[in-house]
Amino acid sequence: MDIVMQSIDSIIPYEKNPRKNKKAIDYVKNSIKEFGFKNPIIVDKDNVIVAGHTRFEAAKKLKMTEVPTIVASDLSDEQIKAFRLADNKTAEFSSWDLGLLDGELFDIQGIDMELFGFSFDDDKNALSDTYSLKVKIPQYEPTGNEVELSELVDTSKSEVLIEEIEEADIPDDVKEFLKLGAMRHNVFNYRNIAEYYANASKEVQELFEKSALVIIDIDDAIANGYCTLFDEITKLRESE
């Protein structure tokens, strides 16, 4: 089937859509912003959405004027209704291989995966045992390659946000607070950090460790509050 670019204003959401997608819209918006609109919206012969309501809402948030579509003109009205439900239902039967997922997430250092719904504040994505005492820390063996400081962190997203904050007509103290918050969008490349650390002076290495950019001793990490939850669970176990 051909992919047809259409004006977003010409596309009609299905008014009886039973799928609640509000929570997913921002994640899909971030995906489109990062990777492009790779999954067209499927519409019927009257341009009513069959599959892709979340992508449609995300595109509106991104102020897109055109979106890619596939017109399912070969399907009957009954098939359209069935496909609309099946497209959402079949996704519910897939699940994650958490061991493989864990490794994949750790290999992605230049993209903030929390933008797409992955959370690193809990163990839902990374561990098969929710109450495991494992501390999942990516481990890197330095190869001896020399890297520049500019290769340790991607600040592009925070810089764009800071520029927007600077242009905003808001009090200066609010600006300063928001700029601090914008730093959360910096993405650290821990593989390159490990390389830089290996070639740095002892003083720089110690500061890297204090900043939790590199963790050499897990006990020190607990003492400094980087693995507080692990420490608390350990104490609970010991008290039983």
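Is it true that some residue in region 40-51 is surrounded by fewer than 18 Cβ atoms within 10 Å (Cβ to Cβ) and under 30 Å from Glu114 (Cα atoms)? Show your work before the answer.
In the first step, residues of region 40-51 are kept if they are surrounded by fewer than 18 Cβ atoms within 10 Å (Cβ to Cβ); the result is 45-48.
Those still in the list that are under 30 Å from Glu114 (Cα atoms) too: none.
Taking every residue of region 40-51 in turn, none turns out to be surrounded by fewer than 18 Cβ atoms within 10 Å (Cβ to Cβ) and under 30 Å from Glu114 (Cα atoms).
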Going through region 24-48 in order, the residues found to be out of contact with any helix residue (DSSP H, G or I) (no Cβ under 6 Å at 6 or more places or on another chain) and of a type in the set (A, V, I, L, M) are Ile42, Val43, Val48
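Could you check region 16-37 and list, in sequence order, the residues that are outside any loop (DSSP other than H, G, I, E, B) and over 16 Å from the mean Cα position of the chain (by Cα)?
Of the residues in region 16-37, the ones outside any loop (DSSP other than H, G, I, E, B) are 22-35.
Once the filter is applied, which keeps residues that are outside any loop (DSSP other than H, G, I, E, B) and over 16 Å from the mean Cα position of the chain (by Cα), region 16-37 yields only Lys22.
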Inside region 27-38, the number of residues satisfying the requirement of being surrounded by 16 or more Cβ atoms within 10 Å (Cβ to Cβ) and of a type outside the set (Phe, Trp, Tyr) is 5
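For region 60-76, name all the residues that are assigned to a loop (DSSP other than H, G, I, E, B) and closer than 22 Å to Asn30 by Cα.
We begin by selecting, within region 60-76, every residue assigned to a loop (DSSP other than H, G, I, E, B); these are 62-65, 72-76.
Correct list: Leu62, Lys63, Met64, Thr65.
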Within region 38-59, residues over 15 Å from Phe83 (Cβ atoms) and part of a helix (DSSP H, G or I) come out as Thr54, Arg55, Phe56, Glu57, Ala58, Ala59
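For the structure I just gave you, tell me whether Gln79 is in contact (Cβ under 8 Å) with a residue 40 or more places away in the chain, out of contact with any Leu (no Cβ under 7 Å at 6 or more places or on another chain) and of a type outside the set (D, E, K, R). Steps first, please.
Working: in contact (Cβ under 8 Å) with a residue 40 or more places away in the chain: no; out of contact with any Leu (no Cβ under 7 Å at 6 or more places or on another chain): yes; of a type outside the set (D, E, K, R): yes.
No; evaluated as a whole, the condition is false for this residue.
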Q.
Against the condition among the basic types (Lys, Arg), more than 26 Å from Phe106 (Cβ to Cβ) and not assigned by TED's automatic domain parsing to the domain that holds Ile111, how does Lys157 come out, does it pass?
A. no
Within region 75-105, the residues that are under 12 Å from Ala51 (Cβ atoms) and among the small types (Gly, Ala, Ser) are Ala82, Ala86, Ala91
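The values are calculated or read from the model by the stated rules, or taken from the named source; none is laboratory data. As the structure is a computational prediction, the values presented were derived from the model and not from experiment. Ideal geometry is used to build each Cβ from the backbone, glycine not excepted, and the neighbour counts take in all protein chains shown.
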